[in-house]
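Just below is one structure, and these are the notes that go with it.
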Amino acid sequence: MKLEIAVVSAAGAGTAAAEGAHRVELCSSLELGGITPSQGLMEASMEHVDGRLEIHPLIRCRPGDFRYSASDVDTMVHEIRHLLAQGAHGVVVGALTPSGDLDVHTIQRLVEAARAANPGAQLTFHRAIDQSNEPLAVLEQLVELGFTRVLTSGHEATAGAGLKTLAAMAERSGGAVEIMAGGGLTLEDIPAMHAAGLSAVHLSAKKTVSTLGDGAISLGAQDGADPTAYTVTDREVVRAAKAMVNALDLAAAR
């Protein structure tokens, strides 16, 4: 079973690499569901991982829904070109129509941009599939479009709640595409995912850091949120997840 960690910093990517993760999804602003990382963050992350794992940047030009304008799509095409040119192993994309179906036209444009930049680039479809009307139907379309994997919580708010659908997706894909469980995934969920035939798990493995006690003042937030808070990758969670994945794989091999 593969272990992927969502990270928002070069230090986080380095932590994931040091603790044996197989790849990272690199993004910014996890609190917004993740948006495209900068080219500087991509470059710094590559330096921190030093070839020890794969880096897959999220391509999402804005927070919110997955219904994209022509300008949004043009922006994401440019992001794909630049990040793959920097050495990304693949990209993480997704788009839906207003009716909740796969936006095939947009996805084809993004796939074509990725293939033009790097014919061997891996393609991951993100949790937009969990907002689609028929995730199993979308899965079949993604297989036809040549996707490498699908990140999904099984059409539920959390992967634990979506276990039944995740298992059905793994069976339906027949190995043609990797089904990666993610979205509210906990360490305690991993054994059930392994038993259900999932070939990968995805965790944010994050913790919040705050210096509020230092007397910081708000710079615009009006909702009472801590103005100093930010997230970092929790080394202990990554280490525990890797140990659990290793133990499950070893037990299955016996």
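The values are calculated or read from the model by the stated rules, or taken from the named source; none is laboratory data. These numbers come from a predicted model, not from an experiment. Note: ideal-geometry Cβ built from the backbone for every residue, glycine included; neighbour counts use all protein chains shown. Note: areas computed on protein heavy atoms with side chains; ligands, DNA, RNA excluded. Shrake-Rupley method; radii C 1.70, N 1.55, O 1.52, S 1.80 Å.
Which FRET efficiency value, to the nearest 0.05, do you get for residue 228 and residue 144 by plugging their Cβ-Cβ distance into 1/(1 + (r/R0)^6) with R0 = 51 Å? It comes out at approximately 0.60. Relative contact order, whole percent, for segment 19-114 stands at 27, derived from Cα pairs under 8 Å and 6 or more residues apart. Computed over the chain with a Gaussian network model linking Cα atoms closer than 10 Å, the most mobile of 154, 162, 120 is 120. Expressed in Å, the radius of gyration and Dmax of the Cα atoms of segment 1-120 are 14.2, 43.
Overall, the accessible surface of segment 97-254 at a probe of 1.4 angstrom is composed of carbon and sulfur to the extent of 52 percent.
Based on Cα contacts under 8 Å between residues 6+ apart, the chain shows a relative contact order of 18 percent. Restricting the trypsin sites (Lys or Arg not before Pro) of segment 74-175 to loop positions (DSSP other than H, G, I, E, B) with no more than 10 neighbouring Cβ atoms within 10 Å leaves nothing. Across segment 98-254, Cα-Cα distances exceeding 18 Å account for 66% of all pairs.
Counting only DSSP beta bridges whose two residues both lie in the chain, roughly 20 percent are antiparallel. For segment 124-247, the solvent-accessible area with a 1.4 angstrom probe is 49 square angstrom per residue. Membrane-span-like helices of the chain, defined as complete DSSP H segments with a Cα extent of 24 Å or more along the helix axis and a mean Kyte hydropathy of at least -0.5, are identified as 235-253.
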